[in-house]
Amino acid sequence: MSSSANKKAIQALAETISKKVEHFNKKEVECLIWRFNALLEAQKHSDGSVSGLDRNQFKVVLHNLFEMTDDFIMDRVFRIFDKDNDGFVTVEEWIQGLSVHFWGTLDEQKRYCFHMYDLKGSGFITRDDIFLLLKDSFHLRLEEEGREDDYQDEQDEINELMEIVLKKMDHDKDGRLSFQDFEKSVKKEELLLEAFGSCLPNFRKKFEQQVLEKQQDE
Amino acid sequence: MGVSLSKAAQWTTFSPDASKLKSTPTNEALLKEILTFVEQIGSQHPQEADFTFEAPLQWRTTVVTSDLKSDYHIRDSTAWSHETDSREAPPLLTPFTVRVRSLGQLSMLIQAAEDKKLEEVQACLEGNRDFLVKILGPRIASQLLEDGAYADVESLKEDFWNGCRAPPWRQAQGEICYVVIESVDTGSLNVTCCTAGVFLNGVGGPGALFISNSRKEFILNSAAGVTLWLLLFHTYIMYIHSVTCRLRDCCSFRKTSSKATLAELSSETSSESEEEEERPEHQPESDFYLSSEFLQIKKLVKYLKKGDQKVTLLMLCCMLDLDLTQDSCNLAIRDEGGLQFLLNLLDTNEDKCKIGALKILIRMSRCVPIQRSMEDMLGVRSLVNNLDSEVTKVKALAAETIANVANFPRARRTVRQSGGIEKLIKLLDCFLKSQKKSDHLENMEAARCGALALWSCSRSTKNKKAICSAGGIPLLGCLLTSSLESMLIPVVGTLQECASEESSRITIQSKDIIKNLVKNLRSNCTDLQIQCSMALFKCAEDTETRDLVRKYKGLKPLVELLNNTNNKELLAAATGAIWKCSISIENVLIFQNDKVLESLAGLLTAQPEEVLINVAGALTEFLQVPANKAVIRKCDGIKPMIQLLLSTNQALLVNVTKAISACATDRENMKIIDELDGISLLWSLLQNPNPEVQASAAWAICPCIGNSKDAMRTVLSFQGFGRIPDLLMSTNNEVLASICAVIAKLAKYKNILATLTDLGIVSLLTKLTNTKDDRLRHHLSDAICHCCQFANNTAAFGEAGAVEPLVRYMKSEDILVRQSATMALFQLSWDPNNNLTMLSRGAVKVSCV
């Protein structure tokens, strides 16, 4: 495909996608497609033609562009972006995901984050979910001394921590966080939006400058 | 005593850590003291060593039978003491457990522990929290505690709801109880138990302690006995203390505990010294350390420090729910290491954690001791660094925290030295330049916080200069166009502070700034009105500013502010602005359309000094207009002014005497001043140590002498002029000039002049003639001129050498000096010798030029 034809195809694609998404204009969508294709190019190099970013490549992107570090969370982000669960994030899923989740309104972001932490899709963030989300936050002791007692201590500490968190966020006192609980907590303190792990881009401004604004000039 | 001690003992059972002695420097020092004491019991106090305990002290030990010397019966790993007569008695030592029945045994066993002596003492204390009961038996123990104080306890119980022996305000000082211990030969011992130890209240010499009940007698008749008892008390109370007030251990307690050494205990240390100890910060009530809030703080800080950033963020959010308006909470967070951790977060790249930490720090930094701690922990520097953050919200929060912390000079200095002033000004600039709508609100908030911080910082003189030289004032001026009160108050506040520096004032006195200050005088917000008035007060020293205030119709709103008689701060600011504006006579004329003089006269009574100073200052200016001299009389303003002469505020005295001086040029007014004996009051102000007061009182005396019919009588009866020779030796030129003016007036009365001459005034005046101060030269020549009227003063001045300098005065640029010098020389020329001097010094030549 010649470069001008390629450009035209991308413009047409941007046209269609920009009608479906809210927070990007056509120009920005075009930039995002260019960026996506560049990322795909890097991946193709190793395993032939594919329809989208695979899990690993996607995680690399999250890390490089948005400075995410938590592997567990990045897995979750992938699963939420990959709407059809086929193991690949396509260009449309990519732009949709960025639009709704990363560039979304506060309400959209609340829903996205809640969904992120609701590990089993039960509609609630349960004690088990919180346990899984927080368990890695205490790993030092086990490695250092490796005693059985310490393992127990660590369990106790995580439990105590969970009690503190539930006391703070579980407004209806049913032992789990409903979306209403979550929403109420975030309303009171916006920092709780990413209570159980950073899942929103850290430097949106930087990304905007690098991807959305810069490429417009080209 | 018993009541409070047993209460104290009950407290400890609430605490989960009650069974352990906390490892603090205090407790360690204490253990060492006990150890030294116990080791020496056998050799130094054999009598006490043999005393058998009511029940054995028992604890888990590391001493084994092989450690013991031959003084014991040993079988396998069990040992009995020789002192025990019967083998049926329980063994002293079984594996891991020891039972001690006397101080002697205790001493020997501890010594057997070799290098683990300290641990043994600690284990002993921990295992026998009720050792007083075990040693003495429950009855004596409680009797000891109740004895001699029982009646008092009952009466105190009625006085104090909690039934504690020490009254609540003494408890706040750390005192627990007072005990009276009956002793055989020295009478009663008064002992104060407080958290820092046990102190004898002024008892001389060692005495015997005698405690008895019907069944048993226990006598300790030596200094060591007293010491032992005090030590036991001491230990006991320390122990309670260590559990309930663990936090206090780390701060103030460390300081006071040094007093409680054994040596001091056996001598006398009164509880008074405890009072004298400076307490720089209020310590939380010890109850606080048992509260659920404290436990919550402990938990939160623990996980805050322990977890990764995810957990840290969660904990930060939880900490925001704490009641951070309470000093006890803030101090607890600090003492648990939370404050340092929060400040450390500022040096990371975790923006979300930073925002959380800053939100907490903003609230904590309203607490004064925390402000100091933050500076001590180098937090101010970190805050300043965050003013450069890429995230606007971080900048705003950091600036707001700085606004709180910069409440004391050292923090303000750090802000300046770490480049904070420039960065704060940049926040203002950013907002003024920001065009994107999306960022507008965020940038405005950052600018508001920046202005708040600048306002705090501008309380230091060097910072005022720094703000000015970094170009902050024009930017603040631009922000004045804002309509937001929360923005305007800190902006005007900063301008107002900076206006006390002359260099800044020049920049502030621009058209637009004055215009906007005037505009905001009409704001609905009192705080803003106060700041604007204060800014005008400082700026209107300058003629142009006074004209601008008039041009922008700022006089009327200032007058309206006088109606707010309830808000004294506003009243002081408004009267201040009126005072300075009335320095321009055009402004006085406009003010008089609104009868401001009458309003001001009404403010001469029942107002705080800040208001009175400004009112008197304004009246002085108003009275420069001749017509107003009658007005002040008609509205009864003179009497309150005279009464203010009795004030002790020096700034007020200066202004009031000036106002009276302006009044006294009117004869009708002078009648009233005479009636009120105002001249005597003015004369007595010459005794005031402040030269400014002396001078302005002397200036006020001048017109009084001229206009008063019975000035002579007053002066003579008061003998006030006896002070004149002293004042002529002042080093302050203004004082000298004013006194010379008074002398010139007084010299008109022959009998007073005679007295003055007797006081040696001729030589005193002559000594002053070498001055270069034209104002002094003028009044000095005047005084000399008038003094020549008496007897042979003319010749005396000549002999003293006054002629020659006066001839030199003729070359002065100041016409007043030349005029009065001419008059003086004319008087002096009546003496032929003086003429010769004048001729030789070229006076004729000079005066002909």
Checklist entry - Within the P(r) computed for the range B:573-704, what percentage of the Cα pairs occupies the region above 18 Å? => result 47 percent
Checklist entry - What lysines sit close enough to B:Lys671 to cross-link, taking a C-alpha to C-alpha distance under 28 Å and skipping anything fewer than 8 places away on the same chain? => result B:Lys595, B:Lys629, B:Lys634, B:Lys639, B:Lys658, B:Lys709, B:Lys745, B:Lys748, B:Lys750
Checklist entry - Per residue of B:297-307, how many C-beta atoms from partner chains lie within 10 Å of its own C-beta, taken as a mean? => result 3
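Going through the cross-link list B:Lys433/B:Lys464; A:Lys110/A:Lys173; B:Lys437/B:Lys553; B:Lys298/B:Lys354; B:Lys462/B:Lys580, which pairs have a Cα-Cα distance over 31 Å in this structure? Don't skip to the end; give the middle numbers.
Numbers: B:Lys433/B:Lys464 24 Å; A:Lys110/A:Lys173 20 Å; B:Lys437/B:Lys553 35 Å; B:Lys298/B:Lys354 21 Å; B:Lys462/B:Lys580 25 Å.
Exceeds cut-off: B:Lys437/B:Lys553.
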Item to check | Nitroxide proxy distance, nm - points 7 Å out along Cα→Cβ at A:Asn159 and B:Thr97 | outcome: 3.1 nm
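How many Cβ atoms of partner chains, on average, are near each residue of B:313-321 if near means within 10 Å of its Cβ?
Numbers: counts 7, 13, 4, 3, 10, 8, 0, 5, 4.
Mean partner-chain Cβ count within 10 Å for B:313-321: 6.
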Item to check | Amide H contacts under 5 Å for B:Phe53, placed H, 5+ residues apart | outcome: B:Ser102
Item to check | Extension reserve of the B:Asp115-B:Lys551 stretch, reckoned as 0.36 nm per residue once the Cα distance is removed | outcome: 148.1 nm
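What is the packing order of peptides B:766-776, B:635-645, taking the mean over residues of other C-beta atoms within 10 Å and listing the highest first?
Most protected by this proxy first, the peptides run B:635-645, B:766-776.
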Item to check | For the range B:38-43, 3J(HN,Hα) per residue [Karplus equation, 6.51 cos²θ - 1.76 cosθ + 1.60, θ = phi - 60°, Hz, x = Gly/Pro] | outcome: 5, 4, 8, 3, x, 7
Item to check | Label-zone membership for the range B:363-379, site B:Thr325, 7 angstrom Cα→C-beta point, backbone N under 14 Å | outcome: B:363-364, B:366-367
Checklist entry - Of the cross-linked pairs A:Lys20/B:Lys436; A:Lys26/B:Lys395; A:Lys120/A:Lys187; A:Lys187/B:Lys568; A:Lys83/A:Lys187, which ones have a Cα-Cα span greater than 30 Å in the structure shown? => result A:Lys26/B:Lys395; A:Lys187/B:Lys568
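Let's test the formula: R0 of 41 Å, r as the Cβ-Cβ distance of B:Asp814 and B:Ser483. What FRET efficiency results, to the nearest 0.05? Don't jump to the answer; show the numbers that get you there.
Working: r = 52 Å, r/R0 = 1.28.
Calculated value: 0.20.
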Checklist outcome for this item: For the range B:461-602, averaging the sequence separation of alpha carbon pairs under 8 Å that lie six or more residues apart and dividing by its residue count, the contact order in percent is 20 percent
Item to check | Cβ-defined net charge surrounding B:Thr755, 14 Å radius [Lys, Arg +1; Asp, Glu -1] | outcome: +2
Item to check | Inter-site label distance for A:Val60 and B:Lys511 at 7 Å from Cα along Cβ, in nm | outcome: 6.5 nm
Item to check | Modelled label reach - A:Ala42, point 7 Å along Cα→Cβ, the range A:84-108 residues with backbone N closer than 17 Å | outcome: A:89-91, A:94-95
Item to check | Sequence ranges A:179-188, B:441-450, ranked by mean other-Cβ count within 10 angstrom, highest first | outcome: B:441-450, A:179-188
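Rounded to two decimal places and with Rh computed the Kirkwood way over Cα pairs, what is Rg over Rh for the range B:518-602? Present the calculation step by step, with values, prior to reporting the outcome.
Values: Rg = 11.4 Å, Rh = 12.4 Å.
Rg/Rh: 0.92.
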Next on the checklist: Taking 25 Å as R0, compute the FRET efficiency from the Cβ-Cβ separation of B:Leu839 and B:Asn792 and round it to 0.05.
Outcome noted: 0.75
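To the nearest µm²/s, what D does Stokes-Einstein give for the range B:350-438 at 37 °C and 0.692 mPa s, using the Kirkwood radius over alpha carbon pairs as Rh? Walk me through the numbers before you get to the answer.
Numbers: Rh = 13.2 Å.
Answer from the Stokes-Einstein relation: 249 µm²/s.
If you take every residue apart from B:Ser584 with its C-beta less than 13 Å away from the C-beta of B:Ser584, what net charge results, scoring Lys and Arg +1 and Asp and Glu -1? Walk me through the numbers on the way to the answer.
Values: positive: B:Arg546, B:Arg550, B:Lys551, B:Lys580; negative: B:Glu541, B:Asp542, B:Glu544, B:Asp547, B:Glu586, B:Glu621.
Its environment carries a net charge of -2.
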Next on the checklist: Taking beta carbons within 10 Å but only from partner chains, what does the mean come to for residues B:348-358?
Outcome noted: 2
Checklist entry - In the range B:692-848, how does Rg compare with the Kirkwood Rh, expressed as the Rg/Rh ratio over alpha carbon atoms? => result 0.96
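Given a Förster distance of 35 Å, report the FRET efficiency between A:Lys135 and B:Asn344 from their Cβ-Cβ distance, rounded to the nearest 0.05.
Numbers: r = 25 Å, r/R0 = 0.71.
The formula returns an efficiency of 0.90 here.
Each reported figure results from applying straightforward, stated rules to the coordinates on display, with no laboratory input. Note that this is a predicted model, so its numbers are computed, not measured. Methodologically, a virtual Cβ is constructed for each residue, glycine included, from the backbone with ideal geometry; neighbour enumeration extends over all protein chains shown.
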